[in-house]
Amino acid sequence: MRTRFAPSPTGFLHLGGARTALFNYCLAKHYGGAFLLRIEDTDRERSTEAAKDAILDGLNWLGLMPDEPTVYQSTRAARHAEVAHQLLAQGRAYRCYATPEELEIMREEAKAIGRPVPYDRRWRDVPAKDHPTDRPFVIRLKVPLTGEMTLFDHVQGAVSLRHDHLDDMVLLRADGTPTYMLAVVVDDHDMGITHIMRGDDHLNNAFRQRALFDALDWTMPELYHIPLIHGPDGAKLSKRHGAVAIQEYRDQGIVSEAMINALLRLGWGHGDQEIFSLSEGIAHFDGRHLGRAPSRFDPQKLLFLNAHYLRTLDLFDRLYPLLCSQYSQATERHWSWLRQMLPHLTQRAERLGDVVALCGPYLSRPPKGDAWTPAHAAIVSDVIPVLESLSPDQWTEDGLSQTLKTWAAAQGKKLSDVAMPLRIAMTGSTASPSVFAILSVLGRDEVLARLQ
Ligand code: GLU
């Protein structure tokens, strides 16, 4: 099993591309095979270095790195040309000298008389001795003229096309450069690709590619043409729905695990399981159970998944780089407080930024903030001796909670009257996780220092 992801570097890596990469990755890994990456950069006009970098960056974020060095299609032009010339020598391809003007007339004519292919194949059977010697030519494939071709696609089922509806496609242009169709077929063959999984907008190409595989006596890889992704409203995914670079989700605080999980569920499923890690995806993704209807991308569901992963992943290593420059004074002790507080800070977070916003009080002493009042100060003065009297083994979340509840009751106060000033003193804010958890994590010395 060898699969590939073959993006054209003409734009960023969007959801559809990322899903194609992920599915190919899972399919290969499920069968212990290899996942390859081919950058289809033959269109020199539209391909850009920035787009290539963005694609690699997106794949890297998702953890979908290829098992072998990336293949750059543009570097293989000589090999593509060699194959076209080989077909020519075998009589399976031919030189066509039609001029652009003639082709234009043929196109008009095809429309007028209902010919299914624009080119009328006029050079197909012209013997070499009658070829001009001083005019540029392209090399075209001789596709069969009768009968029909049937492809067996693992998602679409059997799909057929009459041969006379297939163009004698150009393989090599007059300037000797290969066409996209030739490049794809030669590269898939030379890379040893066994299974092609891609968007169903490529299904038509599959017929033409099959004609070329056949002419070369090569076996076409198995095919999976997966339906495109739609937005939650059922319309084709557009910028409005989030047809944006996959990195934008990262920048919005989506963790890659949530993105992977959401992508896995776009057109594939395993029973009614919703939560999948990448390795669970690999374990179950065997190329079956791929939907034939367009899948719907739901940003709300992505947020739901993200919240799940924020609660369940160890986030520390991801947060550290986001926080360390802002809290350059933070010591080992502070980072350890943060680490202990994380399970509390992630409870209601939907995005990584929601967690980041709560980390400050554990990495530095917060300012008292606007909510602080003299009444708070009075309560804190009374509470200090109570906390000072606690023995180290009472300094736990439960111990603190018990002590302060008992003390509040004895003073005829509500627990919240005591908890709020403590919360503000510890965090500078009126909203925080359990104040007892905070007191217990920060420890006696730090708590008393902040209160004082
Ligand atoms: N380069 C093509 C694209 O980006 C994919 C070709 C293929 O997967 O065969 O749409």
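Checking the conditions here, which among Ile139, Ile105 is more than 16 Å from the ligand (Cβ to nearest atom) and either free of Cβ contacts under 8 Å to residues at least 40 places away in the same chain or among the aromatic types (Phe, Trp, Tyr) (or both)? Can you show your working first?
On the way: Ile139 fails: either free of Cβ contacts under 8 Å to residues at least 40 places away in the same chain or among the aromatic types (Phe, Trp, Tyr) (or both).
Selected residue: Ile105, the only one of Ile139, Ile105 that is more than 16 Å from the ligand (Cβ to nearest atom) and either free of Cβ contacts under 8 Å to residues at least 40 places away in the same chain or among the aromatic types (Phe, Trp, Tyr) (or both).
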Practice prompt. Would you be able to say whether some residue in the stretch 186-201 is polar (S, T, N, Q) and out of contact with any helix residue (DSSP H, G or I) (no Cβ under 7 Å at 6 or more places or on another chain)?
Written response: yes
Fill in: Residue ID - nearest to the chain's Cα centre (by Cα), chosen from residues in the stretch 198-214 that are more than 9 Å from Met181 (Cβ to Cβ) and charged (D, E, K, R)
Arg198
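Restricting the search to the stretch 389-405, which residues are part of a helix (DSSP H, G or I) and farther than 13 Å from Phe436 by Cβ?
Of the stretch 389-405, the ones part of a helix (DSSP H, G or I) are 392-394, 397-405.
Passing the criteria: Pro392, Asp393.
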Fill in: Within the stretch 28-57, considering residues that are within 19 Å of the chain's Cα centre (by Cα) and small (Gly, Ala, Ser), the one nearest to Leu278 (Cα to Cα)
Ala28
Worksheet item: Of all the residues that make up the stretch 160-190, how many are more than 23 Å from Pro100 (Cβ to Cβ), surrounded by fewer than 16 Cβ atoms within 10 Å (Cβ to Cβ) and touching a residue at least 60 places away in the same chain (Cβ under 8 Å)?
Response: 1
Worksheet item: If you scan the stretch 9-49, which residues turn out to be of a type in the set (S, T, N, Q) and at pLDDT 95 or above?
Response: Thr20, Asn24
Discussion item. Being farther than 25 Å from Ala51 by Cβ, surrounded by fewer than 18 Cβ atoms within 10 Å (Cβ to Cβ) and among the small types (Gly, Ala, Ser) is the filter here; which residues of the stretch 69-91 pass it?
Written reply: Ala89, Gly91
Worksheet item: If you scan the stretch 297-353, which residues turn out to be closer than 17 Å to Val441 by Cα, surrounded by fewer than 15 Cβ atoms within 10 Å (Cβ to Cβ) and β-branched (Val, Ile, Thr)?
Response: Thr331
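So, Arg124, is that one at pLDDT 95 or above, more than 16 Å from the ligand (Cβ to nearest atom) and charged (D, E, K, R) or not?
Considered against the rule, which asks whether it is at pLDDT 95 or above, more than 16 Å from the ligand (Cβ to nearest atom) and charged (D, E, K, R), Arg124 comes out as yes.
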Response to the item:
The correct count of residues that are more than 9 Å from the ligand (Cβ to nearest atom), more than 17 Å from Ala84 (Cα to Cα) and assigned to a helix (DSSP H, G or I) in the stretch 181-221 is 4
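Okay, residues lined up against (1) of a type in the set (A, V, I, L, M); (2) over 17 Å from Thr179 (Cα atoms); (3) assigned to a loop (DSSP other than H, G, I, E, B); (4) within 11 Å of the ligand (Cβ to nearest atom):
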| position | (1), (2), (3), (4) |
| --- | --- |
| Thr3 | no, yes, no, yes |
| Ala21 | yes, yes, no, yes |
| Leu27 | yes, yes, no, no |
| Asp41 | no, no, yes, yes |
| Glu82 | no, no, no, no |
| His85 | no, no, no, no |
Worksheet item: In this structure, is Ala77 within 12 Å of the ligand (Cβ to nearest atom), assigned to a helix (DSSP H, G or I) and farther than 30 Å from Arg288 by Cβ?
Response: no
Worksheet entry | Listing of helices (runs of 4 or more DSSP H) fully contained in the stretch 259-366 that carry 2 or more residues being of a type in the set (Val, Ile, Thr) | 352-363
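Every residue, every condition in (1) within 33 Å of the chain's Cα centre (by Cα); (2) not charged (D, E, K, R), yes or no:
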{"position": "Gln329", "(1), (2)": "no, yes"}
{"position": "Glu332", "(1), (2)": "no, no"}
{"position": "Trp335", "(1), (2)": "yes, yes"}
{"position": "Arg339", "(1), (2)": "yes, no"}
{"position": "Leu342", "(1), (2)": "yes, yes"}
{"position": "Leu345", "(1), (2)": "yes, yes"}
{"position": "Arg348", "(1), (2)": "yes, no"}
{"position": "Leu352", "(1), (2)": "yes, yes"}
{"position": "Arg365", "(1), (2)": "no, no"}
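Take the conditions in contact with a Leu (Cβ under 8 Å, 6 or more places away or on another chain), within 12 Å of the ligand (Cβ to nearest atom) and aromatic (Phe, Trp, Tyr) and apply them to Tyr224. Does it pass?
Numbers: in contact with a Leu (Cβ under 8 Å, 6 or more places away or on another chain): yes; within 12 Å of the ligand (Cβ to nearest atom): yes; aromatic (Phe, Trp, Tyr): yes.
Yes.
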Response to the item:
Glu68 fails exactly one of (1) more than 26 Å from Ile139 (Cα to Cα); (2) part of a helix (DSSP H, G or I); (3) more than 16 Å from the ligand (Cβ to nearest atom); (4) of a type in the set (D, E, K, R), namely (2)
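The values are calculated or read from the model by the stated rules, or taken from the named source; none is laboratory data. Please read all numbers here as calculations on a predicted model, not as lab measurements. Note: ideal-geometry Cβ built from the backbone for every residue, glycine included; neighbour counts use all protein chains shown.
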